[in-house]
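First comes the structure, then the notes that go with it.
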Amino acid sequence: MLRRLLQLSTPDRWLLAQSGLLVLCVRIGLWVLPYNALRSSLLRRPKTTYGKYPPSRIIWVVSAVSRYVPKASCLTQAIAAETLLRINGYPAAVHIGVAKTETDAFEAHAWVECQGQIVLGELGIERFTPLRPSLK
């Protein structure tokens, strides 16, 4: 793992560090703050001035670092990905849906849409009914 990290370019290492910190902060934020308060504080961040990462790279790095953050759920990943996408100048939105299981329990799922396409959390979303539109 260390060898792969060292093989990354400096911009990719920076994105990895930024993403790791953001995923961790979002995870902690979801424990201590209401959802809307956390999202609105993250969405007030300015766009980057040091360049643009492609959406596919942002999604890859958020997914990769989320494996190392305890309880980094789909919601944690979606909020972090949306934040990084917006910082890099891409229009992105978190969507949340709910579904009933076979035992009539509710389950929820979050996904991210960017430039009209689902870029994170696409697997199995056809089962979920979207809740009200997310913050813009």
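The values are calculated or read from the model by the stated rules, or taken from the named source; none is laboratory data. Please read all numbers here as calculations on a predicted model, not as lab measurements. Cβ sites come from the backbone with ideal geometry, for glycine too, and all protein chains shown count toward neighbours.
What the table below lists for this structure:
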| read-out | value |
| --- | --- |
| First in segment 78-94 and free of Cβ contacts under 8 Å to residues at least 12 places away in the same chain, second anywhere and aromatic (Phe, Trp, Tyr) and assigned to a loop (DSSP other than H, G, I, E, B), Cβ under 7 Å, 6 or more apart | none |
| Whichever residue in segment 92-136 is of a type in the set (Val, Ile, Thr) and under 15 Å from GLU82 (Cβ atoms) and, among such residues, is surrounded by the most Cβ atoms within 10 Å (Cβ to Cβ) | VAL112 |
| Residue within segment 67-80 that is in contact with a Cys (Cβ under 6 Å, 6 or more places away or on another chain) and of a type outside the set (S, T, N, Q) present | no |
| Subset of segment 76-113 [more than 19 Å from SER41 (Cβ to Cβ) and hydrophobic (A, V, I, L, M, F, W, C)] | VAL98, ALA99, ALA105, PHE106, ALA108, TRP111 |
| Close pairs from segment 51-63: first closer than 8 Å to ASN88 by Cα, partner in a helix (DSSP H, G or I), Cβ under 6 Å, at least 6 apart | TYR53/LEU15 |
| Those residues of segment 1-38 which are more than 13 Å from the chain's Cα centre (by Cα) and among the hydroxyl-bearing types (Ser, Thr, Tyr), in sequence order | SER9, THR10, TYR35 |
| Residue in segment 67-91 that is nearest to VAL112 (Cα to Cα), counting only those that are polar (S, T, N, Q) and assigned to a loop (DSSP other than H, G, I, E, B) | SER73 |
| Tabulated pairs, segment 24-50, first modelled with pLDDT under 90, second surrounded by 15 or more Cβ atoms within 10 Å (Cβ to Cβ) and charged (D, E, K, R), C-beta under 7 angstrom, 6+ apart or interchain | LEU43/ARG86 |
| Restricting segment 109-128 to residues that are assigned to a strand (DSSP E or B) and either charged (D, E, K, R) or touching a residue at least 24 places away in the same chain (Cβ under 8 Å) (or both), the residue that is nearest to SER56 (Cα to Cα) | VAL119 |
